[in-house]
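Right, one structure below, let's go through it.
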Amino acid sequence: MPDKKTNGPANAVREEAEEFLTLDYNNLTSEALGEGKGLDQEDLNELKGLLNAAHKDVEARYKKGSLPFMDLPKSQDTPKAARKLAEMGRKKFENIVVLGIGGSALGTSAIFTALKPLNHNGLSTPKRSWPRLVVADNIDPEGFSAILEQLDLKTSFFNVISKSGATAETMSQFMIVYDQLRRTLGKSAIKDRLLITTDPENGVLRKIVDSEGFMSLPVPPGVGGRFSVLTAVGLAPLAMVGVNVTDLLAGAARAQEDARKPPPGNKAYAFAGLNYLLNVKKKKNALVMMPYSDALARVSDWFGQLWNESLGKATRLDGAPNPHAQTAYKAVGATDQHSQLQMYMEGTDEKTICFLGVENFRTQVNIPTIFKEHEELSYLGGHNLGELLNFERLGTARALTENGKANFGLILPKISTATVGYLIHTLEVATVASGSLYGINPLDQPGVELGKKFTYGLMGRTGFGEFRERYDKGFSNKKKYVVKTPPPAPVKKG
Ligand code: PA5
């Protein structure tokens, strides 16, 4: 629902920084990249009209109530419930374990990694004053059993998160954990150790909550998985490991205020519009999100899902084919300068690199002034690692620009709970605005659904036999086109 004028949480963080996020797109222009390679003045003029149209469209959908994720920064009940759980969990538990996948896991991992010390789980108490967080988002038997083996079930709290309650990965994890808890601690102990976050009315998990009386929190109707990190999906586990969810929402609320302002002074829409033009006009159909920060490294995983599941659509809303989509990829600086950068510099020219940077790091590590006699090392002494990392980012951006390769910066003044909340909400609005520009529905994921149906068929779920048959039929040639090492030739005797 549309908001009313409020003095809400956004004001609480207003003083923190003038700008929570800067979008610097100098290196996307033909002025910087060379004639024909970047966006020229004509494109930038066109951008204004495009952004106004997208803004009008998103605002209309928001006012109709079809974009409820946009109101999440103002929610009160969920953060309250999350804080209450956190108080309880801090006293009783050492480990908070999320069982969920995709939108039920990636946002939590991204924010946890951004806001808690990177060694949080490895610290022992009293240095670590909140429980550890384990996000179990895969079903690899070796990975999942390794997670379970290292947990003391007595001091572990499990948060099963599935909006649909139908996701095979999460449901099988839930069944395994439920069974282990029952066998190890007895059925009565499960209730204190299990929180189920799911649809408020539908799905098998809701039925189980109702019949077994488990603790539960709702995923608000109309908020899809990848837009749900600021619901109980993310807020409950994050609060339970000591993230200040009030500040997180306050930062997001500030982003929401900014994102509702008309373009051009609107970062969410500028992000959407620039990428749209680069794709449609300059064939930049790949967007590499490259944080220069270990803390923000998982943001690119979260963003990858948000962008790809939302925008990878074959059909437009008017039924016409959607010829354009821009795939998001991830890289991390400076690490991937030494693995992927050569391809970005001199390889095929379909990529735009988004540098996600941090002006001031929370920790400073000085490089000692030693080995002065070696010119190859002496230039490093007296600097610090944050400076080096930022110069690597700036140097790489400059080198890409000189090579005519599109790149832009999304820069946080610092990593704080509020700036991370701002970043998350801005990128969510940018994704929905991109949906408007392409004329597609960014809120569904029909392609993902088909794969799930084949899995159900292969696992023998009632009602999905057709998919088993289709699978078998599709693989009638499976023996013919397989590469195998031929058996060794028989050794000739004599
Ligand atoms: O964004 C989405 O909707 C998906 O990625 C879902 O989050 C993912 O498939 C998990 O679904 P669920 O929460 O229903 O288990």
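Among the listed residues T369, T401, identify the single one that is among the hydroxyl-bearing types (S, T, Y) and open to solvent by 80 Å² or more (accessible area, probe 1.4 Å).
After ruling out the rest, the residue left standing is T369.
Inside segment 129-157, can you point out the residues that are open to solvent by 60 Å² or more (accessible area, probe 1.4 Å) and either within 22 Å of the chain's Cα centre (by Cα) or within 16 Å of the ligand (Cβ to nearest atom) (or both)?
R132, N138, I139, D140, listed by residue number.
Within segment 30-44, can one find any residue that is acidic (D, E), part of a helix (DSSP H, G or I) and either modelled with pLDDT under 55 or closer than 30 Å to S416 by Cβ (or both)?
So far as segment 30-44 goes, no, none of its residues is acidic (D, E), part of a helix (DSSP H, G or I) and either modelled with pLDDT under 55 or closer than 30 Å to S416 by Cβ (or both).
From the residues in segment 199-208 that are in a loop (DSSP other than H, G, I, E, B) and open to solvent by less than 60 Å² (accessible area, probe 1.4 Å), which one is farthest from the ligand (Cβ to nearest atom)?
My answer is P200.
How many residues does segment 436-479 contain that are of a type in the set (S, T, Y), closer than 30 Å to A53 by Cβ and out of contact with any Leu (no Cβ under 8 Å at 6 or more places or on another chain)?
Residues flagged as of a type in the set (S, T, Y), closer than 30 Å to A53 by Cβ and out of contact with any Leu (no Cβ under 8 Å at 6 or more places or on another chain) within segment 436-479 amount to 1.
When the residues of segment 291-309 are narrowed to those that are away from the ligand (no atom under 11 Å from the Cβ) and aliphatic (A, V, I, L, M), which ends up farthest from the chain's Cα centre (by Cα)?
A295
Does segment 86-106 hold any residues that are in a helix (DSSP H, G or I), open to solvent by less than 20 Å² (accessible area, probe 1.4 Å) and more than 16 Å from the ligand (Cβ to nearest atom), and which are they?
Answer for segment 86-106, where residues must be in a helix (DSSP H, G or I), open to solvent by less than 20 Å² (accessible area, probe 1.4 Å) and more than 16 Å from the ligand (Cβ to nearest atom): A86, G89.
Please determine whether any residue of segment 471-479 is part of a helix (DSSP H, G or I) and within 15 Å of the ligand (Cβ to nearest atom).
No: segment 471-479 contains no residue that is part of a helix (DSSP H, G or I) and within 15 Å of the ligand (Cβ to nearest atom).
Looking at segment 323-356 only, could you name the residues that are under 13 Å from N285 (Cα atoms) and part of a loop (DSSP other than H, G, I, E, B)?
Once the filter is applied, which keeps residues that are under 13 Å from N285 (Cα atoms) and part of a loop (DSSP other than H, G, I, E, B), segment 323-356 yields P323, H324, A325, Q326, T348, D349, E350.
Given the structure, is Y269 closer than 24 Å to R393 by Cβ and under 19 Å from the mean Cα position of the chain (by Cα)?
For Y269, the condition - closer than 24 Å to R393 by Cβ and under 19 Å from the mean Cα position of the chain (by Cα) - is not met.
Say we look at segment 441-470 and pick out the residues that are within 16 Å of the ligand (Cβ to nearest atom) and of a type in the set (D, E, K, R); which of these is surrounded by the most Cβ atoms within 10 Å (Cβ to Cβ)?
Once the filter is applied, the top-ranked residue is K452.
Listed here are the residues, each with its yes/no results for (1) assigned to a loop (DSSP other than H, G, I, E, B); (2) open to solvent by 60 Å² or more (accessible area, probe 1.4 Å).
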residue: K127; (1), (2): yes, yes
residue: N159; (1), (2): no, no
residue: I176; (1), (2): no, yes
residue: T197; (1), (2): no, no
residue: D210; (1), (2): no, yes
residue: P221; (1), (2): yes, yes
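Is there any pair with a first residue in segment 300-318 that is closer than 22 Å to G409 by Cβ and in a helix (DSSP H, G or I) and a second that is small (G, A, S) and within 12 Å of the ligand (Cβ to nearest atom) whose Cβ atoms are under 9 Å apart and which are 6 or more apart or on different chains, and what are they?
Short answer, once both residue conditions are applied: W302/G103; W302/G107; L306/G103; L306/G107.
Scan segment 243-259 and tell me whether some residue there is open to solvent by 10 Å² or more (accessible area, probe 1.4 Å), farther than 18 Å from A418 by Cα and polar (S, T, N, Q).
Checked segment 243-259: no residue is open to solvent by 10 Å² or more (accessible area, probe 1.4 Å), farther than 18 Å from A418 by Cα and polar (S, T, N, Q).
The values are calculated or read from the model by the stated rules, or taken from the named source; none is laboratory data. Because the structure is predicted, anything quoted here is derived from the model rather than measured. As a convention, Cβ positions derive from the backbone with ideal geometry for all residues, glycine included, and neighbour counts pool all protein chains shown. The accessibility values were calculated without ligands, DNA or RNA, using every heavy atom of the protein model including side chains. Shrake-Rupley method; radii C 1.70, N 1.55, O 1.52, S 1.80 Å.
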